[in-house]
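Taken together, the values in this text are just the output of simple stated rules run on the coordinates, not laboratory data. Given the structure is predicted, the values throughout are model-derived calculations rather than measurements. Positions of Cβ are generated from backbone atoms using ideal geometry, with glycine treated the same way; all protein chains shown enter the neighbour counts.
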Amino acid sequence: MKISVIGSGFVGLSTGVGFAKKENDVILVDNDREKVNKINDGVCPFYEPELEDELVEQLYLGKIKATDDLQYAVLNSDISFICVPTPFGKKGIDLSYIEKVSKDLGMVLKDKNAYHIVVVKSTVVPETTERIVLPLLERFSGKSFGNYFGLCVNPEFLREGSALNDFLNPDRIVIGGIDEKSIDALKRLYKNFNSPIIVTDWRTAEMIKYVSNAFLATKISFANEIGNICKKLDIDTYEVMDAVGLDHRICREFLNAGIGFGGSCFPKDLSALIVKSESLRYEPKLLKEVLEINKKQPLRMVELLKERLGDLKDKTVAVLGLSFKPNTSDIRDAPSLKIVDSLLKRGCKVKAYDPKAMDDFKKMFPNITYCRNPRDALNGSDACLILTEWDEFKSLRDTDFGVMKNRLIIEGRRVLKGVKGCEGICW
Ligand code: UGA
């Protein structure tokens, strides 16, 4: 099929490359010319394993290209996926990019004679498609939904660090729609994916995305709360969760206690769902508490450090890992931001190392010391905090910590094995 993908960020590019690999013809659209050039040169504008290699392959095969010309992309495709950001604004989810793209698409559809399908892939709160996207498309195209264009919701469940694999092997594909023609077209598009397809209406599809993220975030805050209790009882919370997770109703995944969740999705999506609930005059107490636990969890790391080290003033702390999780350079809402900020406020000297995230971290914290490797960070330090479970840290051995001035190692993620003087935030 001929597909255009509007917005070539993490979701858009992963989606476009994935559809190209599935033998569709893909046109990526972005209003950032520099990004468009990079993509056409085979360069992924952000770090995402495997994506760049596959992009290069699909460019070579002529199955994908990027442009900043929306009209060209829509006139030369049958389906457009909206993949623009939906950040969390002052009053809840910020839908300005969605509104803009809906208007722009509407204006292009005015000039298109053939039937075209618009698919909302961006994460939007329930009712957005029916209340915002549809009316704008109709108004700006001057055409009515159903006869001239179709509209579906097709949420993404991609994890940073494994986006392409998640796209190609999804647990489920959700198609929200109300007209057979566009639903059938999407079913055809996804027919060679080996995954169940769930067909719902628009707002249910929108809700499925939020509930998935809210539930995963709830599992993490639950695991952290249990972890905090286990720590006081001198119980290894990982041993507890390994046994608890064997119950198939519970499942072991996302029960890893630590410094809490970060990234561009969980915090934003939970906040948006909370605001949406409140606008419906329902107070989502559980969801609020999930966020609250997550807000406090990173700072427990600093409290523990203080308990072990005493006054933190002028102490040198090695921080290993800055990204919100491994295999990404993303530091958005990363627990490391709060922890480093708190260390600096307490007068610590911070020596940080991360394999991918230091360039971005430097923009927020230009005045800490950035190291070339873990050893440089550890050298002469009074303590070490491990904040991301990069593979590189898993291979650190007891002797690697011998260069520290004082052997105090606190893990915010469970990484090390057999290292003396090491304890976890929750274990
Ligand atoms: C998340 C979801 O997992 C994806 O399904 C979804 O598509 C995506 O958000 C999105 O909405 O776009 P992502 O944010 O990339 O993906 O990362 P996750 O792997 O889910 O991890 C999120 C955070 O939770 C990380 O900071 C991670 O360290 C933390 N986490 C995860 C824990 O603290 N404990 C765990 O047991 C698991």
hull vol. (C-alpha, convex hull) per residue for region 374-427, Å³ -> 67 Å³
Most packed first (mean Cβ within 10 Å per residue), the peptides 308-317, 269-278 order as 269-278, 308-317
Provide Ile82, Ile197 in ascending order of the number of other Cβ atoms located within 10 Å of each residue's Cβ, fewest first. Ile197, Ile82
When Tyr282, Tyr353 are ranked with the fewest other C-beta atoms within 10 Å first, the list becomes Tyr282, Tyr353
Net charge of Cβ neighbours under 13 Å - reference Asp78; Lys, Arg +1; Asp, Glu -1: +2
Rounded to a whole number, the Stokes-Einstein D of region 296-424 in µm²/s (Kirkwood radius over Cα pairs; 37 °C; 0.692 mPa s) is 232 µm²/s
Write down the percent of antiparallel bridges among all DSSP beta bridges whose residues are both part of region 2-200, to the nearest 5. 15 percent
Magnitude of the Cβ-charge dipole of region 296-424, K/R +1 and D/E -1, about the Cα centre, nearest 20 debye? 200 debye
Per principal axis, largest first, the Cα atoms of region 14-56 extend in Å by 27, 21, 14
Principal axis lengths of region 2-200 from Cα atoms, whole Å, largest first? 41, 39, 37
Near Gly150, within a Cβ-to-Cβ distance under 12 Å, what is the net charge of the other residues, with Lys and Arg +1 and Asp and Glu -1? -2
Which value, in Å³ per residue, describes the convex hull spanned by the Cα atoms of region 1-74? 69 Å³
Antiparallel content of DSSP bridges confined to the chain, in %, to 5: 10 percent
Would you mind computing the Rg to Rh ratio of region 53-126 from its alpha-carbon coordinates, Kirkwood style for Rh? 1.04
Lys, Arg +1 and Asp, Glu -1 on Cβ, resulting dipole of region 1-152 about Cα centre, debye, nearest 20: 620 debye
Compute the distribution of all C-alpha to C-alpha distances in the chain, in bins of 20 Å from 0, and list the percent of pairs in each, rounded to whole numbers. 25, 51, 23, 2
Environment charge at Gly161 (Cβ cut-off 13 Å; Lys +1, Arg +1, Asp -1, Glu -1): -4
Give, rounded to the nearest 20 debye, the magnitude of the charge dipole that the chain has about its Cα centre when Lys and Arg contribute +1 at Cβ and Asp and Glu contribute -1 at Cβ. 920 debye
Whole-Å distance, taken between Cα centres, linking region 337-378 and region 75-144: 40 Å
Region 380-416 and region 238-271 have their Cα centres apart by a whole-number Å value of 23 Å
Using a Gaussian network for the chain with springs between C-alpha atoms less than 10 Å apart, which of these wobbles most: Val244, Val118, Val26? Val244
As an exercise, find the ratio Rg/Rh for region 181-316 from alpha-carbon atoms, using the Kirkwood inverse-distance average for Rh. 1.10
